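The values are calculated or read from the model by the stated rules, or taken from the named source; none is laboratory data. Quantities reported herein were computed from a predicted structural model and do not represent experimental measurements. Every residue, glycine among them, receives a Cβ derived from its backbone with ideal geometry; neighbour counts consider all protein chains shown. With ligands, DNA and RNA removed, areas are computed over all heavy atoms of the protein, side chains included. Shrake-Rupley method; radii C 1.70, N 1.55, O 1.52, S 1.80 Å.
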Amino acid sequence: MNNSNTAIEQTSSIKQDSKPTKKSKRLQKAWKYIKRDKYLYIMLFPVIVYFLIFKYAPLYGEIIAFKNYRLADGINGSEWVGFEHFRNLFASQEFYTIFRNTLLLNFYSLVFVFPVPILLALLLNELRGEGYKRVLQNILYIPHFISWVVIGGILIALLSPSTGFINYALQFFGLEPIYFMVSKFWWTVSFIASSVWKEAGFGTILYMAAIAGISPSLYEAAKIDGASKFRQIWHVTLPGIRSTIAILLILQVGKIMDVGFEHIYVLQNPAVSEVAEVISTYVYSRGIINLQYSYTTALGLFQSIIALILVVSVNRIVKALGERGLW
Amino acid sequence: MNKSSKKWLLVLLTIVMVMVPVLTACGDSSSEGEADQPSKDEPQATAEGSEKDPYDDLPKELSISTLDRGRVSSDEGTYEENRWVDYIREESGIDVSIVPVPRKQSYEKLNVLVAAGQAPDLIWEYSRDYMGNLVTQGAIQPIGEYIEKYSTSYKEYLEENPDLLPLMTFEGEIYAATSRRANKANHGMFIRQDWLDELGLDIPKTMDELLAVAEAFKEAKPDSIPIVGKQTFVTIEAMYGMRQDRWFLEDDKMTYGATMDRYAEVLDVSKTLYENGLIDTEFLTDTNNQRAIQFWTTGKAGMITYNWGSAGAHNIMKDLYTNDPDAVVVPLEPVETPYGNNGLYQETDAFIYVAFNKDMKNPKAAIEYLDWMIDGGWVQLVNGEEGIHSELVDGVYKELDAEKFKKEVYYAPEYGVVRDQTFTPEEIVVKAADDEISQKVASMITDSWYAQTKYPWRRDFPYQPSFAEFSEIEPTIDTIVEEVRTKILLQSDKDGAWGLEEIRNEWERIGGLEADKAAQEWYNANKDSF
């Protein structure tokens, strides 16, 4: 964690420093920096190797989106078909459904899930008792380590209309039991809420770190100026973590075309597939089970391109708003 | 933490960071290299094999997949290493290594192994469709020549059972070895006789009577669910002489199950069951059948649809009898529908399909393995060791100790991929352990075999067609059918007629008409061989 962070900072600072003025000088200058920071570069080397082997080399496989991939022929041997898979993709009605579902579910989580760790971090930050705070933080982190399969089982049992606790509670107040998991509305709510439950606590870590980096003198100054607790949060804490929020927002938008497979797979059922069939589950059932590798690779490629466009544009917007973007 | 120790930590972390990717990269590339090398030489070796057999010099090594059903207890070992694997190696003289694939994700896991070039030499599955996929993908090779050239016992077996050949043949060539399924019954229905007696009802004989009995159960026992089991819909379809996800010959025309006229009626019956609470209204979220089993074993279900004689069926019956000693379960024969008496789902003649990986190193060893297996190697795998796990009574192997057998033999039968096995329902009772409940369950299961096989399941041709026009749209139509059915169940304004129309429209939209045409061509081309 620590190391990779410093590595990122190093590279970005080098980039900014080494903005060239003239071409001949540029090389000299670059070499000078490399010499000066040689240990840093040595440290960076394995990371570069890692990215080349595990992130860039597999990109080669994307060419099967333009081929008719057969297991026996391999990636190189399969015949080229150009954009046929993309044409099929855009011509199929399922594509628009899963595209819409993926976007919608991610939009909901951007609106409802993304802000929760920020609020939680602000609340935790205001806690006085150090011991109590630690215990609370640990409890909040635990769900992150529980697998979705387990959470899915618990959630379905909890929401069962006949045996679930939630419906007992509803009936206690004289309300009709609801079969939550087959209602499109409640299913979406459960999906989003389970995200919050699992990840919100763990998401506070980065914000807590950012908050810890705010100079106490700012708070003192604010206090002297007579700022209330709320005012301090508004004018000191939030601006202090603004750049962290911005960066996480960009990363979140990068994932907008991607719904984590396990989460949705354990909660899906045929009653809600109109809203719950997303790109990842579609790729799983068509590609992995039914061996339509090329078709689903085309879908995956399309998904990545949209995500790239979104990240680039959000990065621009964030920069235009005066924050430091990703690059 | 002071400054110097921080520095150390940094250095240490750096070292770790440097080492990890390097190590993994090394490990990866070297193992891939090893796997690739011999397989690339292999085709040449086959070509020049006429004079001296190229496989004689190769070590007798063989890898084979198996289905991991999580049945090997830790003191027995693993699916890869246990007493039965040792037994196979010792007796067959072939160094076998087992590659387990999870039962529920067998296709995915095998596909991934094949795509990565790491699939075992022998790949097996119960599904002929899946084998068809592997053939289309070019992942497996024809084996007719190997059988001809190297096999003794298995060749003989095939000569005695020529009707298996069409099942083994894909695109005109033999691609998979199989043996005769000793017992074709698969799905079954069971009903609580004591509930019937309590309410003074007779065993239902027709669909209407079945619904009436379910209604009566519901009324008399409001806490219970009249019919449970995730096979309920398939069972109803079977009794109507169809199955939503299979092809049938309707009026001499190849028709996909979900688009048949009668499917509207099936959907209507399903709706009646759901709306009146005669089946579990929460079946949609009971994906692993656990709720159904819980209701049944705690005596809160009147009927269950379940695999007829599986180990699971024995277990749920035993659990029920243990929980409720007064319970009386009897098999329920398939009831009559407007389409007559049709049996519940039954299997084809072929048992396990064993295919040869195209990159296999030593097909001769594979054939020897099959020869050894069909020659009697399977017997101990299915029945355990004589004198320790079972004894021979009237030509049937009888379990000596139910617990011991369950622990030490229960996981082994599927290692026997080809078996020259026969079956009579009576042997279930002989085989079962001597305790009272095991015997009671066994005799009931025996009765149920007769009930379930009284009528044949509607099978218009010996095996389902497999062709590209259909396999491309199959997952789509399956999803659509399931969605439509769910809508009909949950929304009161929708009925079977609406559903059938919806399904037919979708079928047309996604290219089902071409699939119909291709299916017809397949039928015309093959009907003489049926």
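Once the Cα-Cα distance is subtracted from the 0.36 nm per residue extended length, the A:ARG316 to A:SER147 segment shows a gain of 57.3 nm. By a 1.4 Å probe calculation restricted to protein chains, A:LEU52 has an accessible surface near 100 Å², given to the nearest 10. Mean separation of Cα pairs under 8 Å and 6 or more residues apart, divided by the residue count, gives chain A a relative contact order of 24 percent.
The H on the amide N of B:TRP247, modeled in the peptide plane, is under 5 Å from the matching H of B:GLY257, each at least 5 residues off or on a different chain. Each Lys or Arg adds one and each Asp or Glu subtracts one; over the other residues with Cβ under 12 Å from the Cβ of A:ILE250, this totals +3.
Given Cα pairs under 8 Å that are at least 6 residues apart, what percent is the relative contact order of chain B?
Worked out over chain B, it gives 20 percent.
Taking all protein chains into account, the per residue accessible area for the protein assembly as shown stands at 50 Å² (1.4 Å probe).
Determine the equivalent ellipsoid of region B:452-527 by diagonalising the alpha-carbon gyration tensor, then write out the semi-axes as square roots of 5 times the eigenvalues, largest first, rounded to whole Å. The partial results should precede the final answer.
Numbers: eigenvalues 138, 75, 21 Å².
Here the semi-axes work out to 26, 19, 10 Å.
Legend: translational diffusion of region A:28-92 by Stokes-Einstein, Rh = Kirkwood radius over C-alpha pairs, 25 °C, 0.890 mPa s; D = 161 µm²/s.
In Å² (nearest 100), what accessible area is buried between A and B, both sides summed, heavy protein atoms only, 1.4 Å probe? Walk me through the numbers before you get to the answer.
Numbers: alone 20800 and 25470 Å², together 43020 Å².
That pair of chains buries around 3300 Å² in total.
Derived scalar couplings between HN and Hα for region B:78-92 equal 9, 5, 7, 10, 7, 4, 6, 5, 4, 4, 4, 4, 5, 6, 8 Hz in order, rounded to whole Hz, by the Karplus curve 6.51 cos²θ - 1.76 cosθ + 1.60 (θ = phi - 60°), x for Gly and Pro. With both labels modelled 7 Å from their Cα along Cα-to-Cβ, the A:ALA157 to B:ARG103 distance reads 2.1 nm. For peptide B:327-335, the mean count of partner chain Cβ atoms within 10 Å of a residue's Cβ comes to 0.
Take each residue in A:63-72, count the other chain C-beta atoms within 10 Å of its C-beta, and the mean is 3.
Pairwise Cα distances in region A:15-134 exceed 22 Å in 73 percent of cases.
The stretch between B:ASP324 and B:ASP349, if pulled fully straight at 0.36 nm per residue, gains 5.2 nm over its current Cα-Cα span.
In whole percent, what relative contact order does region B:420-508 give with Cα contacts below 8 Å and a gap of six or more residues? Computed value for region B:420-508: 18 percent relative contact order.
I need the Kirkwood Rh of region B:56-207: take the reciprocal of the average 1/r across all distinct C-alpha pairs and report it in angstrom.
On the way: mean 1/r = 0.0527 Å⁻¹.
After inverting the mean inverse Cα-Cα distance, the result is 19.0 Å.
Looking at the square roots a ≥ b ≥ c of the eigenvalues of the Cα gyration tensor of region A:204-263, which shape do they give, rounded for a/c under 1.5, prolate if a/b is larger than b/c, or oblate?
Numbers: a/c = 3.38, a/b = 3.17, b/c = 1.07.
Verdict is prolate for region A:204-263.
Averaged over the residues of peptide A:44-54, the number of Cβ atoms from other protein chains lying within 10 Å of each residue's Cβ is 4. Largest GNM mean-square fluctuation among A:HIS85, A:HIS263, A:HIS235, using chain A with Cα springs under 10 Å: A:HIS235.
Note on the protein assembly as shown: with neighbouring protein chains present and a 1.4 Å probe, carbon and sulfur make up 57 percent of its accessible heavy-atom surface. Would you jot down the residues in region A:283-305 that end up with at least 40 Å² less accessible area in the complete protein assembly than in the chain alone, with a 1.4 Å probe? The answer is A:ARG286, A:ILE288, A:ILE289, A:ASN290, A:LEU291, A:GLN292. Give me the distance between the Cα centres of region B:442-494 and region A:213-269, rounded to whole Å. Region B:442-494 and region A:213-269 have Cα centres spaced 52 Å from each other. Charged side chains reduced to their Cβ positions (Lys and Arg at +1, Asp and Glu at -1) give the protein assembly as shown a dipole of some 7300 debye around its Cα centre.
With the convex hull drawn over the C-alpha atoms of region A:180-308, the volume per residue is 133 Å³.
Average the reciprocal distances over every distinct pair of alpha-carbons in region B:134-277, invert the result, and give the Kirkwood radius in Å. Don't jump to the answer; show the numbers that get you there.
On the way: mean 1/r = 0.0514 Å⁻¹.
Taking every pair of different Cα atoms in region B:134-277, averaging 1/r and inverting gives 19.5 Å.
As a rough guide to protection, the peptides A:53-65, A:272-284 ranked by mean Cβ packing within 10 Å, highest first, stand as A:272-284, A:53-65. Note on region A:116-206: Kirkwood radius taken over Cα pairs, Stokes-Einstein applied at 37 °C and 0.692 mPa s, translational D equal to 222 µm² s⁻¹.
Restricting to the protein assembly as shown, compute how many DSSP beta bridges are antiparallel as a %, nearest 5. Don't jump to the answer; show the numbers that get you there.
On the way: 31 of 46 bridges.
For the protein assembly as shown, the DSSP antiparallel bridge percentage is about 65.
Provide a list, ordered by number, of residues in region B:462-503 showing at least 40 Å² less accessible area with every protein chain present than when their chain is taken on its own, using a 1.4 Å probe. Output list: B:PRO475, B:THR476, B:GLU483.
Given just the C-alpha atoms of the protein assembly as shown, how large is their convex hull per residue in cubic angstrom? Spell out each step's value before the answer.
Details: hull volume 203.8 nm³, N = 857.
About 238 Å³ per residue, rounded to a whole number.
Averaged over residues, the count of other Cβ atoms within 10 Å places the peptides B:344-357, A:87-100, B:460-473 in the sequence B:344-357, B:460-473, A:87-100, highest first.
Couplings 3J(HN,Hα) for region B:488-495, derived from phi with the Karplus relation 6.51 cos²θ - 1.76 cosθ + 1.60 (θ = phi - 60°), are 4, 5, 8, 10, 5, 7, 9, 9 Hz, where x marks Gly and Pro.
In whole angstrom, region A:83-320 maps to an equivalent ellipsoid with semi-axes of 37, 27, 14, each derived as √(5λ) from the alpha carbon gyration tensor and ordered largest first.
Any idea what the dipole of region A:83-320 comes to, in debye rounded to 20, about its Cα centre with Lys/Arg Cβ at +1 and Asp/Glu Cβ at -1? Mind dumping the intermediate values first?
Values: 15 positive and 12 negative charges, 116 e Å.
Approximately 560 debye in magnitude.
For chain B, what log10 I(q)/I(0) values come out of the Debye formula at q = 0.05, 0.12 1/Å, with one point per alpha carbon and no solvent? With no solvent term, the Cα-only Debye profile gives -0.25, -1.25. Whole-Hz Karplus values for region B:327-336 come out as 5, 10, 10, 10, x, 10, 5, x, 8, 7 Hz, taken residue by residue from phi with 6.51 cos²θ - 1.76 cosθ + 1.60 and θ = phi - 60°; glycine and proline positions read x.
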